[in-house]
Amino acid sequence: AQSVAQPEDQVNVAEGNPLTVKCTYSVSGNPYLFWYVQYPNRGLQFLLKYITGDNLVKGSYGFEAEFNKSQTSFHLKKPSALVSDSALYFCAVSPDSSASKIIFGSGTRLSIRP
Amino acid sequence: NAGVTQTPKFRILKIGQSMTLQCTQDMNHNYMYWYRQDPGMGLKLIYYSVGAGITDKGEVPNGYNVSRSTTEDFPLRLELAAPSQTSVYFCASSQPDREAGELFFGEGSRLTVL
């Protein structure tokens, strides 16, 4: 069965500093990995995805994520954090390319202090 | 362009009552999903559908039923409401192939069972 873990409930970063939100996954076969962001009282918004190819994928709002097969990780990164990046971030995985069944992690709350 | 629309936004039920959460999308997406979000627990997949007439169970299907008679609509039915079903429910849709995994979410339906 597929699963995804986000080991940190909360990440605190000063504005302008780089940020990393961690994600590890477990899936048989090739994983299809995603990051979503949720602002208060809203639905989730798609940020980026890894299907195949380059291990570093770029997404919306200056975010990027690095796929590491040997460590089964897909960490979300941004070189310089903004206060407006403060939100809840979810990692997700699908066991196949159809992405018909997508399983989400428990979420990490990112807080950027001015 | 409305995207994914969920109704109602808020509802309070008594134990044992039944209700249907409505979800409709106007993007002609083949895939649709129902998730529930509990505090600190991330999103759990309840049911999903890859097309009209096709539905499948997710991680937490017990106590729920779905149908998909049209491409646009994917209602979620609670037959005998229980306090454990108090949650925020999100409907989402996506298109397979190149956009696989890029889910569009509704604004959510907050359900309280007393």
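The values are calculated or read from the model by the stated rules, or taken from the named source; none is laboratory data. Everything quoted here is computed from the prediction, not taken from an experiment. Using ideal geometry, Cβ is built from the backbone for each residue, glycine included, and neighbour counts are taken over all protein chains shown.
Of everything in the range B:89-114 that is more than 7 Å from chain A (Cβ to nearest Cβ) and among the hydrophobic types (A, V, I, L, M, F, W, C), the residue that is farthest from B:Cys23 (Cα to Cα) is B:Leu114. Of all residues in the range B:53-88, exactly one satisfies the criterion of being in contact with a Cys (Cβ under 9 Å, 6 or more places away or on another chain) and within 14 Å of chain A (Cβ to nearest Cβ), namely B:Phe74.
Does B:Ser87 fit the bill of being crowded, with 18+ Cβ neighbours inside 10 Å and more than 18 Å from A:Lys101 (Cα to Cα)? In short, yes. Reported count of residues in the range A:46-75, each being under 27 Å from B:Arg110 (Cβ atoms) and either crowded, with 19+ Cβ neighbours inside 10 Å or at pLDDT 95 or above (or both), is 2. Looking only at residues of the range A:95-114 that are out of contact with any Ser or Thr (no Cβ under 8 Å at 6 or more places or on another chain) and away from chain B (no Cβ under 14 Å), we find that the one that is surrounded by the most Cβ atoms within 10 Å (Cβ to Cβ) is A:Arg113.
Looking for whichever is out of contact with any strand residue (DSSP E or B) (no Cβ under 8 Å at 6 or more places or on another chain), more than 22 Å from A:Asn41 (Cα to Cα) and not in a strand (DSSP E or B) here; the options are B:Gly40, B:Gly16. Which one fits?
B:Gly16
Candidates in the range A:34-44 are the residues that are crowded, with 17+ Cβ neighbours inside 10 Å and modelled with pLDDT under 95; of these, the one that is farthest from the other protein chains (Cβ to nearest Cβ) is A:Gln38. Within the range A:22-29, can one find any residue that is in contact with a helix residue (DSSP H, G or I) (Cβ under 6 Å, 6 or more places away or on another chain) and surrounded by 12 or more Cβ atoms within 10 Å (Cβ to Cβ)? No.
Of the residues A:Ala65, A:Ala92, the single one that is within 11 Å of chain B (Cβ to nearest Cβ), under 13 Å from the mean Cα position of the chain (by Cα) and within 18 Å of A:Gln45 (Cβ to Cβ) is A:Ala92. What number of residues within the range B:62-84 are crowded, with 16+ Cβ neighbours inside 10 Å and free of Cβ contacts under 8 Å to residues at least 24 places away in the same chain? Qualifying residue count, the range B:62-84: 1.
Working only within the range A:27-43, note down all residues that are part of a strand (DSSP E or B) and closer than 14 Å to A:Ser98 by Cβ. A:Tyr32, A:Phe34 - these are the residues of the range A:27-43 that are part of a strand (DSSP E or B) and closer than 14 Å to A:Ser98 by Cβ. Is it true that B:Thr24 is at pLDDT 95 or above, in contact with a Ser or Thr (Cβ under 7 Å, 6 or more places away or on another chain), closer than 23 Å to A:Gln38 by Cβ and not aliphatic (A, V, I, L, M)? Yes; evaluated as a whole, the condition is true for this residue. Within the range B:19-37, the set of residues being closer than 18 Å to A:Gln45 by Cα and loosely packed, with under 14 Cβ neighbours inside 10 Å comprises B:Asp26 only.
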